[in-house]
Amino acid sequence: MLAIKKIFLFLIIWFLYPSNGYSQKSVTITQLQKQYGGTWIDRKTTRCLQITFDNDRFATIIDWTRKYQSREHGDVYKAYIKKDTLVMPEDKDHHAPYSEITIENNKLIYRTKSIGIQKISIWDKQVFSRK
């Protein structure tokens, strides 16, 4: 009888224990702001990105090249948040490629997929550091 109670207790605890221990937890807007927020620069090209968060679904990215323009004259993009990645979908009307922004080893990685119909996907990669 004692063994049955132990098994029953074990099963109750097992079913009630949170099961998302191994799943990827969603990142909060505060964590994203801390990770991505602010100004980033690619020192080789003087390309700068300023990232701010509008809400828990979208980020605004201002993109400019310091050598040729000021931040006020930069391009502005919207990226949606997908887990812990910022995603900018392809926009064929404006010739904008599909892009993803991630953080790896305290560096911002900006990956862009080439536009066009190709059998092989070609990705460009640009690395930014905090300004």
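The values are calculated or read from the model by the stated rules, or taken from the named source; none is laboratory data. From a predicted model like this one, the values you see are computed outputs, not experimental measurements. We place every Cβ from the backbone using ideal geometry, glycine too, and count neighbours over all the protein chains shown. The area values use the complete protein model at the heavy-atom level, side chains included, leaving out ligands, DNA and RNA. Shrake-Rupley method; radii C 1.70, N 1.55, O 1.52, S 1.80 Å.
So is Val76 in contact (Cβ under 8 Å) with a residue 60 or more places away in the chain and not in a loop (DSSP other than H, G, I, E, B) or not? So Val76 fails the test. Applying the set (1) aromatic (Phe, Trp, Tyr); (2) within 15 Å of Met88 (Cβ to Cβ); (3) surrounded by fewer than 13 Cβ atoms within 10 Å (Cβ to Cβ) to Tyr36 leaves exactly one unmet item: (3). Ser121 passes every criterion in (1) under 14 Å from the mean Cα position of the chain (by Cα); (2) hydroxyl-bearing (Ser, Thr, Tyr); (3) over 21 Å from Lys44 (Cβ atoms) apart from (1).
Here Ile120, Ile41, Ile51, Ile81 are screened, and the one residue that is hydrophobic (A, V, I, L, M, F, W, C) and surrounded by fewer than 12 Cβ atoms within 10 Å (Cβ to Cβ) is Ile120.
Going through the stretch 56-73 one residue at a time, which ones are polar (S, T, N, Q) and assigned to a loop (DSSP other than H, G, I, E, B)? Of everything in the stretch 56-73, those that are polar (S, T, N, Q) and assigned to a loop (DSSP other than H, G, I, E, B) turn out to be Gln69, Ser70. Scanning the stretch 95-110 for residues that are free of Cβ contacts under 8 Å to residues at least 24 places away in the same chain, farther than 17 Å from Thr45 by Cβ and either in contact with a helix residue (DSSP H, G or I) (Cβ under 8 Å, 6 or more places away or on another chain) or open to solvent by less than 30 Å² (accessible area, probe 1.4 Å) (or both) yields Ala96, Thr102. Which pairs do you get when a residue that is assigned to a loop (DSSP other than H, G, I, E, B), found in the stretch 33-55, comes within reach of a residue that is of a type outside the set (Asp, Glu) and open to solvent by less than 30 Å² (accessible area, probe 1.4 Å), reach meaning Cβ atoms under 7 angstrom, with the pair 6+ apart or on two chains? Short answer, once both residue conditions are applied: Gly37/Ile51; Asp54/Thr60. Within the stretch 60-83, at least one residue is modelled with pLDDT under 90 and either within 12 Å of the chain's Cα centre (by Cα) or at positive phi (or both).
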